[in-house]
Amino acid sequence: MPETHQIDIHHVAKLARLTLTEDEALRYAAQLDGILTYIDTLTQHDLGAAEPTAHAMPVYDVLRVDESRPGFTQEQALSNAPKRSGDQIQIPKVIE
């Protein structure tokens, strides 16, 4: 039979600055007990031969190669501007 952990859920809630109803306290205590029981199960396995790792799967750089390509002309870039002043986008004044 799995070990039941003694959890002072009200103390844990206070540390987390949470206010719990009694229903919430019972539900969260059961959930926390389940988590701790699972951790107990994990600690029973010999992991001495396993290499420490930051990620379970290898992490690869998924960025594409930076290649130059033609951009917009000035007229194309300004074509959707709601307001323009000459060759610039005009925006509302933000500083008085």
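The values are calculated or read from the model by the stated rules, or taken from the named source; none is laboratory data. It should be emphasised that the depicted structure is a prediction, and the values quoted were computed from it without experimental measurement. When we count neighbours, we look across all protein chains shown, and the Cβ atoms used for this are built from the backbone with ideal geometry, even at glycine.
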Inset, instruction - Could you give me the residue pairs with C-beta distances under 7 Å whose first residue belongs to the stretch 79-96 and is assigned to a loop (DSSP other than H, G, I, E, B), whose second residue is among the basic types (Lys, Arg) wherever it lies, and which are 6+ apart or on separate chains? - result: GLN90/LYS83; GLN90/ARG84
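Mind listing just one residue for me: the one in the stretch 4-27 that is among the hydrophobic types (A, V, I, L, M, F, W, C) and outside any helix (DSSP H, G or I) and, of those, nearest to ASP40 (Cα to Cα)? First the steps, then the outcome.
Start the filter on the stretch 4-27 by keeping residues that are among the hydrophobic types (A, V, I, L, M, F, W, C), which leaves 7, 9, 12-13, 15-16, 18, 20, 25-26.
Now narrow it down to the ones that are outside any helix (DSSP H, G or I): 7, 16, 18, 20.
Values: ILE7: 15, ALA16: 23, LEU18: 26, LEU20: 26 Å.
By that ranking, first place goes to ILE7.
Quick check on the stretch 64-77. Is at least one of its residues of a type in the set (Phe, Trp, Tyr), modelled with pLDDT under 85 and not in a helix (DSSP H, G or I)?
At the first step, the residues of the stretch 64-77 found to be of a type in the set (Phe, Trp, Tyr) are 72.
This time we only want the ones that are modelled with pLDDT under 85, so: none.
No, every residue in the stretch 64-77 fails to be of a type in the set (Phe, Trp, Tyr), modelled with pLDDT under 85 and not in a helix (DSSP H, G or I).
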